[in-house]
1. Might you check whether a residue that is more than 30 Å from Ser142 (Cα to Cα), modelled with pLDDT under 75 and in contact with a strand residue (DSSP E or B) (Cβ under 9 Å, 6 or more places away or on another chain) occurs anywhere in segment 30-41?
2. Just one of the numbered conditions (1) buried (at least 20 other Cβ atoms within 10 Å of the Cβ); (2) among the aromatic types (Phe, Trp, Tyr); (3) at pLDDT 90 or above is not true of Phe82; which one?
3. Say whether the condition of being free of Cβ contacts under 8 Å to residues at least 24 places away in the same chain, surrounded by fewer than 13 Cβ atoms within 10 Å (Cβ to Cβ) and under 15 Å from the mean Cα position of the chain (by Cα) is met by at least one residue in segment 99-110.
4. Please go through (1) under 30 Å from Phe156 (Cβ atoms); (2) surrounded by 13 or more Cβ atoms within 10 Å (Cβ to Cβ) for Arg40 and return the number of the only condition it doesn't satisfy.
5. Mind checking which residues of segment 41-90 are assigned to a strand (DSSP E or B), more than 15 Å from Leu126 (Cβ to Cβ), of a type in the set (A, V, I, L, M) and in contact (Cβ under 8 Å) with a residue 24 or more places away in the chain?
6. Pick out, from segment 104-209, the strands (runs of 3 or more DSSP E) lying fully within it that include 2 or more residues that are modelled with pLDDT under 70 and farther than 30 Å from Leu51 by Cα.
7. Please tell me if Glu89 is at pLDDT 80 or above, over 30 Å from Glu185 (Cα atoms) and surrounded by 17 or more Cβ atoms within 10 Å (Cβ to Cβ).
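The values are calculated or read from the model by the stated rules, or taken from the named source; none is laboratory data. Everything quoted here is computed from the prediction, not taken from an experiment. For neighbour counting, all protein chains shown are included, and Cβ atoms are generated from backbone atoms with ideal geometry for every residue, glycine included.
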Amino acid sequence: MHQTSSDTSSLGGFSGSRVILSSASCQREPRREWFCVRCRPKHEHIAAANLRVHLDIDVVCPRIRFRKETRRGVVWFVEALFPGYIFAEFDFLQDHRNVHYAHGIVGVVHFGDKYPSLDAETIASLRDFDRGSGEILTAEPSLAKGDAVRVGEGVFRGTTATVSAVLPARDRVKILVEFLGGLKEVELPRSALLREGHPVKLLDRIFVN
């Protein structure tokens, strides 16, 4: 059987999942289970659509929408919550080869000849990211006094600052920036600021639109 990489460091492991053998050595009654499937870079949603449409396989492919600083200022981006991976429910003996060779798929994650399946609790947690918006979670980390932020547009673009006050009624924020050798308090729109850190690491302070 063609082997595929089992590097799943970004997924945090398979605690509580069962391990089954490959189709060549596994003797059991057919059953559908959830597996982690590795995809081509930036092809997660394409691979998920192919499995759903062509193989009638249930897929969880959570994506996250977040703001990022670019040359044009702050722009919204959408990317996979788990880059390079999706989660699919299928009968291993019957569908493994079809899944493996589906467009956009690299292979089913495995360790030697063992293919770990994910338990129902894990899948339920992943489904929590699908809030009825096409599996795209909008991440807008909240800001609080003392937070480190980066200005994404305007005169102070690129400057790292500290939040001094949040003005939710006007959707604006006051920040402290270094200016002419001292600290100056500046009031800016909330949309002009980015919290330091990758959005996936800030999920504990997300607002879902």
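1. Pass one, segment 30-41, residues more than 30 Å from Ser142 (Cα to Cα): 30-40.
From what is left, the residues that are modelled with pLDDT under 75 are 30.
Now restrict to residues that are in contact with a strand residue (DSSP E or B) (Cβ under 9 Å, 6 or more places away or on another chain): 30.
Looking for residues that are more than 30 Å from Ser142 (Cα to Cα), modelled with pLDDT under 75 and in contact with a strand residue (DSSP E or B) (Cβ under 9 Å, 6 or more places away or on another chain), one finds at least one in segment 30-41, hence yes.
2. Just one mismatch for Phe82, condition (3).
3. Checked segment 99-110: no residue is free of Cβ contacts under 8 Å to residues at least 24 places away in the same chain, surrounded by fewer than 13 Cβ atoms within 10 Å (Cβ to Cβ) and under 15 Å from the mean Cα position of the chain (by Cα).
4. Condition (1) is where Arg40 drops out.
5. Scanning segment 41-90 gives Val74, Val78.
6. none
7. Spelling it out, Glu89 is indeed at pLDDT 80 or above, over 30 Å from Glu185 (Cα atoms) and surrounded by 17 or more Cβ atoms within 10 Å (Cβ to Cβ).
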